[in-house]
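Chemist: One structure, pasted below without further comment.
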Amino acid sequence: CAWWLGGSWLICPIAAMSAPNIVILTVFSLLVGTLADNVLRIAFISEFTGSLIDADFYRGWELAREQIERIGGIPLAGVNWRVEVETFDTQSDPTATVPAIFEAIAAGKNASNYTVGDFHAVIAGTATSNGPIKAAAQDLGILNFHASGGNPATWSASQTFAFGIHLPFTTYTRGPIRLAALRGLKTIGIIRTAAHGFSRASCLAALEWARASGIRVVGPSVAWCRANMDKTGECRLVGSGDSERCVCGAQADVDGLGYKYDIESIPTFYELDENLIGNGLVAGQVDEETTAFARSIFQDMRSQGEMPDIFLNFAFEHHNVLNAMWLEEYSPQMVFGWQGGTYPNWAEDSGGVLNATHGVGAIGFGQWHWAMKFADPLFGSNEETVRQYQEKHNALIGYNAAGTTACGSVIYKVFSSYTSAAFGSMTISEQRDELRLAVGSMNDETLWGLVRFNRNNQNSGRETAAWQVLLNEDREVEQLCVLPTEAAQTELQMPFPSWDARFGCAAGTYNTGSACIPCEPGTFNTDKTPGLAVTECSVCPVGVGTAIGATGTRVCLPCPEGTEHLSGDGICSPCAPGTYRSSNTSGNACVLCAPETFSNLPGARECSPCPARTVQPDVGQAFCLCDDASFRDPAETQKVGSVLPCVACDSVLPNSVSRLGASSSSECRCSDDSVLLAGEGCVPCPGGL
């Protein structure tokens, strides 16, 4: 009178059996006892919705249990231990309160009140009953391992049997802020909602990480505080006169998180209580009043002389803040926040004001991301875990499922590596304590990353995850893991694209994918570019172009007089000295100056005739030469040749001559058939001489 059901033997009550059956039961009990010698019995507590298979926490745990079963159990001292699981549903069973569940666990019974044997550990696949489970498990002295519970305030060193896979959520902002500092960003602005404790604690933590990273916080001004603090939760004016300042946040909360700064002596975040603004606390909608309130924050930042390099959006109504950024044309280097999980379509609001394009480039954060690259003791890798879950459920493994799967990997690792070989000979109390010590020794990589527990038994083995919404090669938005860097899919991209770059750059500009840049000299763009796409301006064809240094050209124009474009660089370059180009010049090229003309400066529209007492027998010249009876004017600035009239040699030596192109009066002399006569200059030689 026994059945194997759901991982447990179910045995009929003795009172319901006949004598022969009792004999059979005795033999069967001996058999069960033998089978149970190497059994690790675990109670799995969760809130199931409908059937067990529909619950994410349970799905993840089942994936781990089945993997352990597939490989033959957990090895310890040469023996494989089988894992038996009893499930307790705190949602669909109204009698399954935490005290009632632990009463059953203490008695070695399952949810159906059948005796199954001693329990060694509890897995808490819940986000609502963690506190009561910790307390009840501590009283019983049994390991309880939680697949949620990122709030560090809920963990205490006094609860020695409670361990949590979740990292402290107050570190969500630390990785992005540290990376921003490494990339040279200097300032940050923060908006937090007063409507959620997660946001309140996270923004206090962000102030700590900014302070530690040397990033300056741009906080609310006194003027903003006077106008708006009645629509916040904790913003207030402190001090007086020149020392008056606006402060948001409570010192008691800072102290509770263990931070050492004085919140009234540093710039803080801005705050809004959406319950008091617009249509109230409504997610997924854009309303005019809440958007206007968020705009007042950005306007206040701008009034202080600069817009922050980094922006942390921790508003509950994050769509209104995003809409305000758009309207204020605020495009920082980095935008990050919870933002409803920052999924690929996180920016879409219910009214169609915003779409997915508005959210590209934003960074989200959390405990874990399916694409993180980690080894795992049970599955081999995070990738294999994701593959098995996808194969079984035709869905991507989620946060909750991954948490309970990771709990299974930790149990496998600590039992096989850190548990005493004498575990099987211990009492149940000793076994429970041995498991507690083994979990506390964990310092190994799993699909969740490195798992190592702090003094309060909360996991602190790695930095939390961050992901970014980006466009893939098919121009579809997707969410890619960017932190921690050692486990990321891709590098975090900055800057957050400007608003014109998102929706297309104007003619005369090109798109870098994140900003619109005027076309460089010699290039043009006649049309609006695609949004969030890398584009280029085109080089002006030969014959048309832009002026030197001209940017933002929409249409290339014919090169004006005195210029030409032949080189292919798109620029109408000035005609070189010795050449010219006029409206009457045929073709696109500058032409050579004719003999007896010159052009000594770039960009000539015509060549000039040689000045008095100069000649130029060649074409394409930038100067003329003094004739054979003159020399260069001392005022001449041309390095070679002359562009000024030359000085007649007669002015210094009557009837004298010079060489062609003489540069000074010293070159004036009497000709070969004349002689210098004192007081008269050069005179013809007498006949016959």
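Here, each number is a calculation from the coordinates, and none is a lab measurement. Computed from a predicted model, the values in this text were never measured in an experiment. Virtual Cβ from ideal backbone geometry, glycine too; neighbours counted across all protein chains shown.
Chemist: Using 0.36 nm per residue, how much length does the chain from Thr97 to Ile71 gain when fully extended, once their Cα-Cα distance is taken away?
Modeler: Gain in length upon complete extension: 5.9 nm.
Chemist: Grab the beta carbon distance between Leu676 and Asn584, set R0 = 56 Å, and tell me the FRET efficiency rounded to 0.05.
Modeler: Efficiency for this residue pair is about 0.65.
Chemist: Multiply the residue separation of Arg669 and Ala157 by 0.36 nm, subtract the distance between their alpha-carbon atoms, and state the gained length in nm to one decimal.
Modeler: Using 0.36 nm per residue and subtracting the Cα-Cα distance, I get 173.2 nm.
Chemist: Over the Cα atoms of the range 61-179, how large are the radius of gyration and the largest Cα-Cα distance (Dmax), in Å?
Modeler: Just the Cα atoms of the range 61-179 yield Rg and Dmax of 16.6, 55 Å.
Chemist: So which trypsin sites (Lys or Arg not before Pro) in the range 475-529 pass both tests, a DSSP loop state and at most 13 other Cβ atoms within 10 Å of the Cβ?
Modeler: Arg475
Chemist: Follow-up question, since we're still on this one. Please list, in order, the residues from the range 552-571 whose amide nitrogen is less than 19 Å from a point placed 7 Å along the Cα→Cβ vector of Asp527.
Modeler: 553-556
Chemist: Let me ask another. Would you calculate a helix-derived [θ] at 222 nm for the chain, using -39,500 (n - 2.57) for each DSSP H run of n ≥ 4 and dividing by the full residue count, to the nearest 500?
Modeler: -7500 deg cm²/dmol
Chemist: DSSP loop (so not H, G, I, E, B), at most 11 other Cβ within 10 Å: list which chymotrypsin sites (Phe, Trp or Tyr not before Pro) in the range 279-363 pass both filters.
Modeler: Filter output for the range 279-363: empty list.
Chemist: Turning to a different aspect of this structure: What does the net charge come to around Glu520 if you take all other residues with beta carbon closer than 12 Å to its beta carbon, with K and R at +1 and D and E at -1?
Modeler: -2
Chemist: Mind checking which helices in the chain clear 20 Å along their axis (Cα) and have mean Kyte-Doolittle hydropathy of 0.5 or more, DSSP H runs only?
Modeler: The answer, listed by residue number, is 19-36.
Chemist: To continue, here is another question. Dividing the Cα convex hull volume of the range 161-263 by residue count, how many Å³ per residue is that?
Modeler: Cα convex hull per residue, to the nearest whole number: 126 Å³.
Chemist: Let me ask something additional. Determine, at each q value in 0.05, 0.09, 0.10, 0.12 (inverse angstroms), the log₁₀ of I(q)/I(0) that the Debye formula gives when each Cα of the chain is one equal point scatterer.
Modeler: -0.45, -0.89, -1.00, -1.23
Chemist: Sort the following peptides by mean Cβ neighbour count (other Cβ atoms within 10 Å, averaged over residues), highest first: 402-409, 575-582, 113-120.
Modeler: Those peptides, ordered most packed to least, come out 402-409, 575-582, 113-120.
Chemist: Now, a different point. Starting from the 7 Å offset along Cα-to-Cβ, what nm value, one decimal, do you get for the label separation of Ser240 and Ile517?
Modeler: Inter-label distance under the simple model: 5.5 nm.
Chemist: How much FRET efficiency would the formula 1/(1 + (r/R0)^6) give for Val652 and Ser538, where r is the Cβ-Cβ distance and R0 is 60 Å, rounded to 0.05?
Modeler: After rounding to 0.05, the efficiency reads 0.45.
Chemist: Continuing with this model, one more query. Rounded if a/c is under 1.5, else prolate if a/b is larger than b/c, else oblate: which is the range 274-372, with a ≥ b ≥ c the root eigenvalues of its Cα gyration tensor?
Modeler: Verdict is oblate for the range 274-372.
Chemist: Another one. For the range 616-689, divide the Cα radius of gyration by the Kirkwood radius and give the resulting Rg/Rh value with two decimals.
Modeler: 1.08
Chemist: Rg to Rh ratio, the range 123-183, alpha-carbon atoms and Kirkwood radius?
Modeler: Computed over Cα atoms, the ratio is 1.14.
Chemist: Starting from the range 163-195, pick out the chymotrypsin sites (Phe, Trp or Tyr not before Pro) whose DSSP state is loop and whose Cβ has at most 16 other Cβ atoms within 10 Å.
Modeler: none
Chemist: What FRET efficiency comes out for Val79 versus Asp230 if R0 is 56 angstrom and r is the Cβ-Cβ distance? Round to the nearest 0.05.
Modeler: After rounding, the FRET efficiency stands at 0.25.
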